[in-house]
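Every number here is computed from the coordinates shown, using simple stated rules; none is lab data. Only a predicted model underlies this, so the values are computations on that prediction, with no experimental measurement involved. Please note: Cβ atoms are built from the backbone with ideal geometry, for glycine as well, and neighbour counts cover all protein chains shown.
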Amino acid sequence: MLRLGIAVLSMLGSQPAFGVEPPSPAEPPAAWEQGYDISGIIANVPELKHPRPDSWQPTLCWEEPAYSYADPAKLKIELDALWRRGIVPRIGLPADFGVDPKQIDQAVAQAKAVADAGLPVNIQIWGAMDLYRLEDGKLLRHPDMPELKNPTLVGDWPCVTIKDAWKRRADHLRGLYKKFVDAKVPVAAVWFDYEGSPNPWGGQFERTVACPSCRKLLPADVINSFEAFKSYMYNMNMEAIDEAFGKPTREAFPKARIGQFGFSPASQEYPTFDVNGVQLPYCPKQETTDFTVSMPIIYGMPRLVDANLSQAEADRVYFVVLTRNVINTHHNLRPDQRMVPFVARWVDVPATPHAPVMSGWMYRECLRHVILRGGKGFYCFCIAPPPSLPWGNYYDELAHVGAVCNEFFAYPEFLEKGKVLNDSLPAPTETGVVWSGLGLPDKALIRTFALGRDTAEVVQIMPFPGVTVRLLAPPSGQTFIVDRSGAIHTVD
């Protein structure tokens with residue numbers, strides 16, 4: 001069945017003129033550069049127009065404003081105001097060895113205050129938490145690990161084969177969690193940002209193969225090939241963080257969501273990619289891990305684009321590279337897992353001089369397609385930029401996420417039960433029609449977008465077996481609902 005809806009045809013005469021860029025959200029005023037607070041969020045981030053779907057993770061912020069935990073009445077007003085915008089605080093729990101117990105008690109008190117206000121408690125584990133670092137700061141190494149003085153090696157690396165280090169960290173975490181359990185705090189989610197060993201980078205391979213004890217504990221192909229070592233380390237990393245973090249968290253909070261920065265399950269049939277576009281290796285451990293949230297990284301990093309590109313060219317690259325980080329993820333998730341990516345329009349460490357920054361309107365378009373490819377929430381890495389970079393503003397990040405949530409929360413049945421309909425994307429250097437969608441047995445929610453084109457195009461899509469429709473794909477994007485009969489409804 002091939003149909004072109006009348007509503008779609010009516011749009012053909014109302015497209016942007018040739019060479020005219022779709023409108024961009026207003027940039028934040030210069031006054032916003034001076035910092036951020038709850039009143040600023042209230043003033044600049046829209047309230048939700050529709051209830052948050054049950055499966056949707058409330059929005060989290062990496063950097064947060066100061067909450068009035070010492071004033072329960074004021075705190076309740078603050079939390080209610082942010083909840084109406086789909087935002088919840090996260091409770092920072094310092095998890096390094098030797099942390100002052102008062103800090104842990106403070107975290108428990110804050111968590112209780114959030115729960116008493118009727119909001120879900122989200123714990124963010126803080127600290128370097130190096131799995132191989134002892135209480136005195138020394139790294140775990142075998143006695144026969146030689147000292148390497150190669151100036152090209154980066155960092156100071158442990159012997160990653162000493163796996164009993166993982167249990168030490170797990171037991172420490174169990175002790176911290178006990179205070180929350182004893183206080184009867186209902187924990188909804190626990191989030192980790194572990195970026196340490198074991199991993200294959202920065203000289204770990206050279207140090208590992210130089211250690212006689214490590215060589216005895218590793219397969220021959222792993223110590224003779226960096227590629228084999230890299231794949232082995234990815235799986236060992238998943239095994240390590242599951243043993244040290246996932247298992248004790250699941251034991252303490254059986255119903256909580258557990259997420260790890262950058263965790264994105266991969267498979268040979270359905271590969272996934274990291275923030276740099278590198279294909280991630282398949283890790284068998286991911287199939288049994290206690291982590292229930294995939295957190296691909298959707299960061300608009302100027303180092304991803306050439307400084308000589310025009311704004312339009314850079315936006316095209318940003319869109320494809322960022323959206324690519326979530327493709328195929330839905331294929332590799334277990335039924336109990338969901339995807340909540342880390343997102344940011346701007347992250348630039350180290351700084352990249354003169355590279356174009358991702359446009360606000362393109363960032364929103366990217367977020368729309370992330371939702372329609374299986375996203376179930378956003379963790380905003382909304383760091384406050386220096387005063388010279390007002391376009392990376394804290395409020396701006398949250399406003400983009402809030403606006404996109406408002407668009408799609410109007411269709412909760414798709415967000416709750418819809419199946420991802422499309423994983424394809426053009427190459428970063430190409431232009432073309434992009435479409436994403438979520439399908440139910442009798443209808444589909446579809447977004448089309450003419451990437452890098454100046455005029456609208458028509459794309460042919462088969463949302464249901466034997467049902468083919470032609471949808472308009474304007475440069476500014478358009479959302480449709482298509483039912484199984486082939487009828488097309490344009491979404492405002």
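Taking the Cβ-Cβ separation of Glu206 and His142 as r and a Förster radius of 22 Å, what is the calculated FRET efficiency to the nearest 0.05? For R0 = 22 Å, the calculated efficiency reads 0.90. Spin-label model, Thr429 to Asp116: label points 7 Å out along the Cα-to-beta-carbon direction sit 6.1 nm apart.
Here the 3J(HN,Hα) profile of the stretch 280-293, calculated from phi with Karplus coefficients 6.51, -1.76 and 1.60 at θ = phi - 60°, is 7, x, 6, 10, x, 4, 4, 6, 10, 4, 7, 6, 10, 10 Hz, Gly and Pro shown as x. Pairs of C-alpha atoms in the chain farther apart than 35 Å represent 37 percent of all such pairs.
Ordering of 189-201, 129-141 by packing is 189-201, 129-141, highest average first (other Cβ atoms within 10 Å, averaged per residue). Each residue of the stretch 253-267 was assigned a 3J(HN,Hα) from its phi angle through the Karplus expression (A = 6.51, B = -1.76, C = 1.60, θ = phi - 60°), giving 10, x, 9, 6, 6, 10, x, 10, 3, x, 5, 9, x, 10, 8 Hz with x at Gly and Pro. Cβ crowding within 10 Å ranks Val108, Val401 as Val108, Val401, fewest other Cβ atoms first.
For the chain, what does the helix formula give at 222 nm: sum of -39500 (n - 2.57) over DSSP H segments with n ≥ 4, over the residue count, nearest 500 deg cm²/dmol?
One gets -9000 deg cm²/dmol as the mean residue ellipticity at 222 nm.
Applying 1/(1 + (r/R0)^6) with r as the Cβ-Cβ distance of Phe97 and Asp290 and R0 = 22 angstrom yields a FRET efficiency of 0.50.
Taking amide H atoms as placed 1.01 Å from N in the peptide plane, the amide H of Glu457 lies under 5 Å from those of Ala473, each 5 or more residues away in sequence or on another chain. For the chain, the longest principal axis of the alpha carbon atoms and the long axis of helix 72-83 meet at an angle near 50°.
Residues whose amide H comes within less than 5 Å of that of Ser294, counting only those at least five positions distant or on another chain, are Arg338, Met339, Val340 (H built at 1.01 Å from N in the peptide plane). I'd like the orientation of helix 311-324 relative to the chain: the angle between its Cα long axis and the longest Cα principal axis, in ° from 0 to 90, rounded to 10. The answer is roughly 60 degrees. The distance linking the stretch 415-492 with the stretch 237-314 is 27 Å (Cα centroid to Cα centroid, whole angstrom). Dipole size of the chain about its Cα centre, with +1 on Lys/Arg Cβ and -1 on Asp/Glu Cβ: approximately 1100 debye, rounded to the nearest 20.
Less than 5 angstrom separates the built amide H of Gly92 from those of Gln124, all sequence-distant by 5 or more or on a different chain. The angle between the Cα long axis of helix 101-116 and the main principal axis of the chain comes to about 30°, on a 0 to 90 degree scale. Taken one residue at a time, the phi angles of the stretch 205-221 give Karplus couplings (6.51, -1.76, 1.60, θ = phi - 60°) of 4, 4, 5, 5, 6, 7, 8, x, 5, 5, 4, 6, 8, 10, x, 4, 5 Hz. Gly and Pro are set to x.
In this label model, Asp164 and Asn308 are separated by 5.8 nm, measuring between points 7 Å along each Cα→Cβ vector. Inter-label distance, Lys419 to Glu251: 3.9 nm, where each label sits 7 Å from its Cα along the C-beta direction.
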